[in-house]
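Here's the structure we're looking at; comments come further down.
The values are calculated or read from the model by the stated rules, or taken from the named source; none is laboratory data. Bear in mind that the values here come from a model prediction, so they are computed numbers and not experimental data. Positions of Cβ are backbone-derived with ideal geometry, glycine not excepted, and every protein chain shown enters the neighbour counts. Surface areas here come from the heavy atoms of the whole protein model, side chains and all, with no ligands, DNA or RNA. Shrake-Rupley method; radii C 1.70, N 1.55, O 1.52, S 1.80 Å.
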Amino acid sequence: MNLQQLPRTFRTVRHLKWSQLACRVQRMAERRLPWANRVPRPKSSAWSGSVVWESLPEVPLFETAELSPGELLDDLEQGRFYHLNQSKVIGRGPADWQLGPRDRDRLWTVTLHYHRWAFDLAGIIAANGSDAASAEALLVNWLDDWMQRCPVDDPAARHLAWNAYAIATRIGWWVRTLMLLGRPFIDRHPEFAPRMLASLRQQARFLEDHIEWDLRANHLMRDFVGLAWAGRFFPGHHARNLLTTAGEGALAQADEQILPDGGHFERSPLYHLQIMDDLVVVRSLVDDLEARESLDAAWCRMAEFARWMRHPDGGLPQFNDAAAFGHGTPQRMFEIGKQLGLGDYAATPRGGRHFAETGFVAWHGPKWTVFFDVGPVGPDYQPGHAHADTLAIEASVNGTRLFVDPGTFAYDHDERREYDRSTAAHNTVCIDGENSSEVWHIFRVGHRAQPLDVDVQFAPGAMRACGAHDGYDRLPGRPRHSRTICVEDRGDLTLTDRIDGSGEHLVEGGFLLAPEWDARSIAGGWELTDGSQQLRLLLSADAELEHAMDVRPWHPEYGREVTTTRLTWRHQGAIPLQVECRITDVV
């Protein structure tokens with residue numbers, strides 16, 4: 001860090017809780033000072049007794065497998081792992097578990113250490129088909145290799161393999177694996193099984209000592225999920241204490257993270273679903289009926305939010321760090337809720353809804369589906385998954401996506417990450433090439449745009465929503481962006497952007513098209529078609545505008561990049577400026 005970066009660092013850390021700073025200092029000391037680096041050893045007396053397999057509850061499964069059984073077996077035989085739309089060979093005997101600090105493919109690597117693949121192998125074994133024996137051999141060999149190559153006392157393993165979030169997730173997949181295979185698997189492997197159980201205990205002890213009070217947010221909830229899995233699986237008084245701690249921790253985090261309107265405070269539709277899944281797991285594992293009822297009530301509030309925040313194709317809007325499509329959908333989450341007796345949230349609502357605390361506006365009509373971001377970028381003390389996308393929109397028309405968010409490719413410090421988080425990549429207005437919120441590095445945010453003058457009105461068959469933000473007040477002339485969106489059931493979608501302030505500025509706005517759409521320039525805008533419908537996007541302004549069509553990437557899922565078109569308008573000159581964009585049918 002140099003002196004020029006100090007102000008930005010201060011703008012970033014000044015929002016943190018003191019407990020976050022204290023926890024981070026402790027973690028740094030553990031990495032750098034040997035005497036502060038505690039390595040947990042299993043205490044058999046605290047985990048005494050045998051696993052009571054019959055008492056383990058059934059926990060619904062949210063995410064589906066990425067590979068077919070045959071594909072998975074073929075990959076693992078060749079030392080290859082596939083997830084997040086990317087395949088990598090790590091070898092066998094020994095495998096390269098990608099230990100140590102990683103400058104590239106960090107999300108792929110930490111996902112490798114979640115061990116979802118172990119559960120998928122267990123599914124093949126439990127099916128007892130012709131591939132069961134080879135799947136069991138692979139399961140034992142790969143887990144044994146991981147335990148040998150990734151010991152907790154290896155500093156290189158601490159970076160991602162023994163990252164608390166990875167541990168909590170891995171504990172869940174290991175316990176699900178053992179629950180699926182049961183005691184017969186343990187009996188068939190008298191040498192391997194005790195080592196696996198000892199490692200599972202050690203992971204639980206390490207997690208217990210390394211709860212992520214520095215990061216908080218969705219990481220903290222996942223940590224308590226991991227404790228709940230271990231506390232329910234193992235016998236003994238210490239395991240019971242872990243389960244109690246997990247239930248109390250999850251309840252406290254539900255109160256902190258779930259806003260009064262049901263939205264998750266990180267303002268990511270993807271992480272919203274993840275928290276719903278975590279609530280399902282904890283409520284299925286805890287014994288306390290009162291805690292279960294409270295967790296169910298929190299889930300139901302989130303479900304009401306989630307049923308509004310989905311496109312007609314069933315996928316998510318991609319505000320902040322989010323994937324539009326993936327292996328866990330809102331529909332699947334609603335099926336789980338119905339299965340648990342929590343209600344039926346599957347039906348798509350009609351009309352509009354303003355989630356005032358979260359800061360999203362949703363409109364579902366017979367023609368238009370529109371989402372409008374008029375909220376904060378995230379919680380003050382943890383905006384790590386925020387993008388500089390204030391006043392951005394997404395839209396579908398007649399059931400087809402039209403305007404998409406750039407999405408999230410991965411969590412690396414590179415040009416893709418900068419693009420995904422930048423204001424210029426989103427369906428909003430960028431001034432002087434600056435981001436409306438000061439996003440930097442992978443998860444950092446300095447100055448944050450604050451929403452202003454939000455007003456949302458609904459009438460039968462129509463919506464008018466407007467908002468502004470102060471993200472550019474720091475620039476000369478204090479330019480301020482405000483946007484008004486008007487939509488009618490079977491009519492046009494109109495966006496009016498106004499830039500107030502003074503001085504000469506470069507003002508750019510635009511829309512990232514879903515790849516199904518082709519565009520061509522016409523007088524005053526563009527004509528669009530997806531092969532079955534035609535639209536015109538017409539611009540009018542009180543100053544001269546330049547129009548352009550640029551090739552840009554869209555990241556609908558982690559690790560997946562699709563080329564598409566961005567429609568851009570630009571103004572170089574004095575402000576105030578007002579630009580109206582009207583999207584209408586070609587008749």
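Within region 470-512, the set of residues being loosely packed, with under 15 Cβ neighbours inside 10 Å and closer than 14 Å to H571 by Cβ comprises G503, E504, L506. Restricted to strands (runs of 3 or more DSSP E) entirely inside region 521-587, those with at least 1 residues that are open to solvent by 50 Å² or more (accessible area, probe 1.4 Å) and touching a residue at least 40 places away in the same chain (Cβ under 8 Å) are 534-541, 546-557, 560-574, 577-585. Restricting attention to region 238-262, the residues that are buried (at least 16 other Cβ atoms within 10 Å of the Cβ) and either touching a Cys at 6+ places or on another chain (Cβ under 8 Å) or assigned to a helix (DSSP H, G or I) (or both) total 14.
Scanning region 540-587 for residues that are among the aliphatic types (A, V, I, L, M) and within 30 Å of E66 (Cα to Cα) returns V551, V562. Residues in region 467-481 that are touching a residue at least 40 places away in the same chain (Cβ under 8 Å) and part of a strand (DSSP E or B): G467, A468, H469, H481.
Considering A161, A95, the condition of being under 20 Å from F206 (Cα atoms) and part of a loop (DSSP other than H, G, I, E, B) is satisfied by A161 alone.
Out of region 146-160, which residues are crowded, with 18+ Cβ neighbours inside 10 Å and closer than 25 Å to P69 by Cα? The answer is W146, and nothing else. Within region 355-370, not a single residue is touching a His at 6+ places or on another chain (Cβ under 8 Å) and acidic (D, E). The residues of region 323-340 that are surrounded by fewer than 22 Cβ atoms within 10 Å (Cβ to Cβ) and either under 24 Å from V404 (Cβ atoms) or not aliphatic (A, V, I, L, M) (or both), listed by number, are F325, G326, H327, G328, T329, Q331, R332, F334, E335, K338, Q339. Sub-6 Å Cβ pairs linking a first residue in region 306-321 that is open to solvent by 20 Å² or more (accessible area, probe 1.4 Å) to a second residue that is assigned to a helix (DSSP H, G or I), at least 6 apart or interchain, are G314/Q331, ordered by first then second residue. Can you find even one residue in region 545-557 that is modelled with pLDDT of 95 or more, out of contact with any Lys or Arg (no Cβ under 6 Å at 6 or more places or on another chain) and more than 28 Å from T408 (Cα to Cα)? Checked region 545-557: at least one residue is modelled with pLDDT of 95 or more, out of contact with any Lys or Arg (no Cβ under 6 Å at 6 or more places or on another chain) and more than 28 Å from T408 (Cα to Cα). Determine whether T169 is assigned to a helix (DSSP H, G or I), among the polar types (S, T, N, Q), in contact with a strand residue (DSSP E or B) (Cβ under 8 Å, 6 or more places away or on another chain) and under 30 Å from R417 (Cα atoms). In short, no.
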